[in-house]
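Input: a single structure, listed below in structure tokens.
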Amino acid sequence: MNILLRLIVFALDPLGLGRRFLIRPAVNLGWNVYDRVRSKADEKVGTVRELVLRLGLIAFAVVLIIWLAVFMYAAFYYVYMPAISHTRPVHMQFKTCLETSTPCTFPHAHVSLTKKQQLLMVGQAYKVIVNIDMPESPQNLELGMFMVCAEMRDYDSMLRGHSCRSAMMRYRSPLIRMISTWVLSPLYVLGWKEEFQQVPVEIFSRYLEERQHPITDVYVEIQSQKIQFYTVTLHIVADFTGLRYIMFNWPVLSAIVAISTNLFFILVVFLLSWYHWSDAKWLHSVQIKYARLTKSLEPGVIHSKASSLRDDDDDLVAYSDKSDIADVGGDTLSDVDADDLVLVKKSRSGKRESPDALRKRPTKKTTADH
């Protein structure tokens, strides 16, 4: 096949002029165009990859900043805002009289809030409310006013607060009761509604918790033997003021403002950090200084420096004796030049010169020709 192809090419162009002046330049031009197109394609692919990478980094930074802002507000809300309310059932107890159907003692109860740990937030004011569900029975309507007392005690059973408040059922005239009964009779018949009133008694208006004496138990007492009730519950509700009041009553607005503020400060810190870290000259100088410091603190370098200092200290010894000076330079002090009163130095090879070598050194004569 190759031989046949060569024969055809030779037959068409026996002198090779077409191959030399037409085919080869065309092939070279084609390869050059192909290389340029390929290089441009590679450059475009590189630019696209770089663009995608930059967009990914920017998206990651934006998501990270938004997440940090939301997380900071959520953490602040969790730490700063206490629980809104705490509800505990109150199981009343009393002694029954055998002669009459009424209790012989006041109904009272012990409510356990927690076991030694801090239930209420320190510095936050709370309202302590006792809710009494009282049926609209003739005995309760004739009861009138009664007293409800409560005591707050810590885990050592020490009294931390005591209060008594008066209460009574809401008055409704017989006509109003009859009309409401006729209107709501279908609900009463179906059992969707009952004839009772919930009487809230606010025992403490602004109770403040103490850090050293957290409240763990509450004692409730209703000072009436003729009272009738269905259930009694204890509610401890936080009385918010200031920033807590705004965050509780307008949670969406406060969240928008707080997250926007966090975003602003995080963006400022991020831009300042990026501007500071973009100039890496100071970082390179710090790395060089750190490398020099670590190299100087190596044991071998410290030992060599210490030995060189000891050698220098040993070399810096002067000849104080006249006999030694005479041995080195001459017979008398006047015969020895000031340049020869030298200290024992090291030679260039790093070895000490012996006293014999020093004696063999030529000394300068300071005699004057007369």
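The values are calculated or read from the model by the stated rules, or taken from the named source; none is laboratory data. It should be emphasised that the depicted structure is a prediction, and the values quoted were computed from it without experimental measurement. So basically every Cβ, Gly included, is an ideal-geometry build from the backbone, and we count neighbours across all protein chains shown. Only protein heavy atoms, including side chains, enter the accessible area calculation; ligands, DNA and RNA are left aside. Shrake-Rupley method; radii C 1.70, N 1.55, O 1.52, S 1.80 Å.
Results, tabulated for the structure shown:
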quantity	calculated
Rounded percent of accessible protein surface that carbon and sulfur make up, the stretch 110-210, 1.4 Å probe	58 percent
Gained length - SER205 relative to ARG49, 0.36 nm times residue gap less alpha-carbon distance	49.6 nm
Per residue accessible area in Å² of the stretch 173-269, where ligands, DNA and RNA are left out and the probe is 1.4 Å	64 Å²
Ordering of 76-86, 219-229, 53-63, 234-244 by packing [mean C-beta count within 10 Å, highest first]	219-229, 234-244, 76-86, 53-63
Shape of the stretch 85-249, Cα gyration tensor, a/c cut at 1.5	oblate
